[in-house]
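The values are calculated or read from the model by the stated rules, or taken from the named source; none is laboratory data. As the structure is a prediction and not an experimental result, all values here were calculated from the model. Quick reminder, even Gly has a Cβ in these numbers, built from the backbone with ideal geometry, and neighbours come from all protein chains shown. What goes into the accessible areas is simple: the full protein's heavy atoms, side chains included, and nothing from ligands, DNA or RNA. Shrake-Rupley method; radii C 1.70, N 1.55, O 1.52, S 1.80 Å.
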Amino acid sequence: MSDAIVEVKHLKKYFQVKNGLLHAVDDVNFVIPKGTTMGLVGESGCGKSTIGRLILRLTEATEGEILFEGQDIRKLNKKDMRQMRQKIQMVFQDPTLSFNPKMNIRDIVCEPLMNFKKIKKSEKDAVCRKLLEMVELPGDFADRYPHNMSGGQRQRVAIARALALEPEIVVLDEATSALDVSVQKTVIELITKLQREKNITFGFICHDIALVQLVAHQVAVMYLGNLVEVLPGKDLDMKAMHPYTRALMGAVFDINMDFSKPIESIESEAPSPLDLPQGCPFQGRCEHCMDICKKENPKLVEVEDGHSVACHLFQKGSK
């Protein structure tokens, strides 16, 4: 795609563990158009955070290509990859894990600029205040330390630091999951505002499908290392097709929902990622399971423009 900033092709990540081979990411393909937000959603352990780390090469892939503006970053040496990270940044679930508690906010926010842009110490105060204002924090926060701030404020500082180098894409890994609902809303509004003003591309990794639906232009749904559906965020309510996606949407609680209708749950437990069944990994929890589901793992197939699904129910020749 000509407007793609990130294109992932046949991405795989396997971990050798004591009891076997863990398929964390298994032959995943997707495209993120420039200036959009892609939401990656699924249960804990589905591989979504691993994909975020693979895109930044914080974890090395087992197989596949990760194209950034057409260039396969897996082929870059350490020096070139370090330079590439100016264009690709990440915000983690708990920003304090990446903050030095002995550094004030001014030093934390400006650290990337000191490393890459070699700005003068005399410029740090003005630069920090500008970045803090960008994420709607007062300039006098520059003298504070991480422990003097709330969770939402620390997350804004993490976003400010990620934006310091003016990256092309920012990956947010569960960046709102530890925040209060009201604070989540302000962070989502901030992300939307920054994207509109600066045309930044976001990868939004989250387990909350309702939250993903609010912010993402397209949504990729993962289950046990597999991508099972990709569709526009605005179509999640009406056009979701995969039984797992529909189950996730059915589990969303809303004050406007019809409480007279029974709440449907997904039957049984997910299989161990170390002992996946032959065929579709969702077969044991799917009420539509067919014989072919127990033999073949369905591939992601486009059903209409911008909407792909990996389910034998919607693939020709399946019985």
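Annotations for the structure displayed:
- Residues of segment 69-90 satisfying the condition of being closer than 27 Å to Ile108 by Cα and either touching a residue at least 60 places away in the same chain (Cβ under 8 Å) or acidic (Asp, Glu) (or both): Asp80, Gln86, Lys87, Ile88, Gln89, Met90
- Within segment 111-158, being outside any helix (DSSP H, G or I) and either acidic (Asp, Glu) or under 26 Å from the mean Cα position of the chain (by Cα) (or both) holds for Val135, Glu136, Leu137, Met149, Ser150.
- Strands (runs of 3 or more DSSP E) wholly inside segment 1-80 that include at least 2 residues being among the hydrophobic types (A, V, I, L, M, F, W, C), open to solvent by less than 50 Å² (accessible area, probe 1.4 Å) and within 26 Å of Val252 (Cβ to Cβ): 20-33, 37-41
- Residue check, Arg106 out of contact with any strand residue (DSSP E or B) (no Cβ under 8 Å at 6 or more places or on another chain), open to solvent by 20 Å² or more (accessible area, probe 1.4 Å), among the charged types (D, E, K, R) and not in a loop (DSSP other than H, G, I, E, B): yes
- Within segment 159-172, the set of residues being outside any helix (DSSP H, G or I) and open to solvent by 20 Å² or more (accessible area, probe 1.4 Å) comprises Glu166, Glu168.
- Contacts under 6 angstrom Cβ, first residue in segment 12-32 being closer than 14 Å to Leu224 by Cα, partner among the aromatic types (Phe, Trp, Tyr) and at pLDDT 90 or above, 6 or more apart: Leu21/Tyr14; Leu22/Phe15; His23/Tyr14; Ala24/Phe15
- On the stretch given as segment 91-101, residues that are over 23 Å from the mean Cα position of the chain (by Cα) and without any contact (Cβ under 8 Å) to a residue 40 or more places away in the chain total 1.
- Test: residue in segment 163-178 that is polar (S, T, N, Q), at pLDDT below 90 and over 30 Å from Gly45 (Cα atoms): no
- Remark: Val41 falls outside the filter, which requires a residue to be within 23 Å of Asn297 (Cβ to Cβ) and more than 19 Å from the chain's Cα centre (by Cα).
This table checks each residue for (1) modelled with pLDDT of 90 or more; (2) farther than 24 Å from Lys9 by Cα; (3) part of a helix (DSSP H, G or I); (4) open to solvent by 50 Å² or more (accessible area, probe 1.4 Å).
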site	(1), (2), (3), (4)
Lys185	no, yes, yes, yes
Ile188	no, yes, yes, no
Phe202	yes, no, no, no
Leu211	no, yes, yes, no
Asp235	yes, yes, yes, no
Val252	no, yes, no, no
Asn256	no, yes, no, yes
Lys261	no, yes, no, yes
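- All conditions but one from (1) farther than 16 Å from Lys34 by Cα; (2) touching a residue at least 24 places away in the same chain (Cβ under 8 Å) apply to Ile191; the one that does not is (1).
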